[in-house]
Amino acid sequence: MRLLIFALVSVILTGCGKAPEKQTSQFYAMNTFMSVTAYGENAEAALKGVKAEIQALESLFSVTDPESDIAKINRGDSGIYAVHPKTAEVVAFSLDMAKKTGGALDPTMYPVLSQWGFTTGQNRVPAADEIQRALSLTGYDRVSVKGESVCAEKGVMIDLGAVAKGFAGDEAIRILKSNGVTSALLDLGGNIQTIGNKPDGSDWKIGLRNPKGDGVIGIIAASDCAVVTSGNYERYFVSDQGDAYGHIIDPASGYPVQSDVLSVTVIGESGKVCDALSTALFVMGMEKAVDFYRENGEIDMLITTDDGVYATSGAYEAFTPEGGVPVFRIPE
Ligand code: ADP
Ligand code: MG
């Protein structure tokens, strides 16, 4: 009898075809924990390639590694810098998104970020004149990219923290696909990117973190897309006076963004676009973010506030709230 059951189970298993092989790779890169799960015959080799690529990008983009392309630019020796093609690509992309977002995203915020200690983790509240001095060194119109050279005016320094993970995610997806992976889930420090569906054909389920406490406030169903969230609740510090300061800076003021918005999640095809926009829309706040969405379309977004979650149509369909959080549809 036991043998018969065993035989039956074997028939059922093999009858359904071999289950796709699941491989997971977890590592620390770009100042965050990353986890990539992929299914398929070449998944293991693909994941090795992904990890190597992300580490290679980190060594190009890091602001703290003195050998990186970005550190070379930030030392400001010459004004024109020969960089790796990927560095040229990500800087050009950031500048393009800075223009599109009216400077809400600004890759030249490094001098201000370092005053606040966000580049080193040694946080402090700078004096108003220190912020003004640092702000006078910023401005995305003072950097340009020609081929594989970056030109930067004297004193201008770059920080790619708002787009590097999304850019890395797109590179990772490309490597996975070229290895025949048709189902994968990437979590690059909260930037989620997916290939296809789960192996059983259902959507990936992505938790939307509660920006005011533990756990999640809902689930986003996703397939073949990026889901990227920005908020001031992930990385922030509390001053001796007890005030909280988040790591996303309003380039207009040099101070951490404080608004009606707790977090912005952007859902779209491209990881780097979603990453750039989640940061930029968070800087813009509710009203301007909704205007931006209406003018540009192409992405969906979920904005969390004290009242609940505001969702564009596609995001509204994909989102299942938990714990009774109210969800409002943003009119087209
Ligand atoms: P996270 O890194 O937590 O996923 P973001 O993608 O929103 O969050 O990126 C925030 C990082 O971007 C900051 O830690 C800082 O390095 C940088 N940054 C902060 N404010 C801006 C801004 N207005 N424009 C561009 N980069 C910014
Ligand atoms: Mg971002």
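Values in this text are rule-based calculations from the coordinates and carry no lab data. None of the values given here were measured: they were computed from a predicted structure. No Cβ is skipped: glycine too gets one built from the backbone with ideal geometry, and neighbour counts run over all protein chains shown.
All Cα-Cα separations within region 152-245 were binned at 10 Å from zero, giving a P(r) of 14, 34, 29, 16, 7, 1, each value a whole percent of the pairs.
Coordinate range of the alpha-carbon atoms in region 15-73 per principal axis, descending: 58, 17, 10 Å.
Taking springs between alpha-carbon atoms closer than 10 angstrom, which of Gln132, Gln241, Gln55 fluctuates most in the Gaussian network model of the chain? Maximum fluctuation in the GNM of the chain, among the listed residues, is at Gln241.
Cα convex hull of the chain: mean projected area in nm², to one decimal? List each step's numbers first, then the result.
Values: hull surface 80.2 nm².
Projected over every direction and averaged, the Cα hull of the chain covers 20.1 nm².
Computed from the C-beta positions of Asn296 and Gln55 and an R0 of 41 Å, the FRET efficiency is 0.80 to the nearest 0.05. The angle between the Cα long axis of helix 271-296 and the longest principal axis of the Cα atoms of the chain comes to about 70 degrees, rounded to the nearest 10. Each residue of region 102-118 is assigned a 3J(HN,Hα), and the resulting list reads x, x, 5, 9, 9, x, 9, 7, 3, x, 6, 4, 6, 4, 7, x, 6 Hz, derived from the Karplus form 6.51 cos²θ - 1.76 cosθ + 1.60 (θ = phi - 60°), x at Gly and Pro. Before rounding to the nearest 500, sum -39500 (n - 2.57) across all DSSP H runs of length at least 4 in the chain and divide by the residue total; then give [θ] at 222 nm in deg cm²/dmol. Value at 222 nm, helices only, nearest 500: -11000 deg cm²/dmol. Charging the Cβ of each Asp and Glu at -1 and of each Lys and Arg at +1, and nothing else, the dipole of the chain about its Cα centre rounds to 720 debye. Relative to the Cα centre, the charge distribution of region 147-233, modelled as +1 at Lys and Arg Cβ and -1 at Asp and Glu Cβ, gives a dipole magnitude of about 180 debye. Summarising the label geometry, the points placed 7 Å from Cα in the beta-carbon direction at Asp141 and Tyr28 lie 4.2 nm from one another.
Relative to the dominant Cα principal axis of the chain, helix 2-15 is inclined by about 50°. From most to least packed by mean Cβ count within 10 Å, the peptides 103-113, 229-239 give 103-113, 229-239. Computed from Cα atoms, the angle from the helix 43-61 axis to the main principal axis of the chain rounds to 0 degrees.
Computing FRET efficiency as 1/(1 + (r/R0)^6) for Glu148 and Lys205, where r is the C-beta to C-beta distance and R0 is 41 Å, gives about 0.50.
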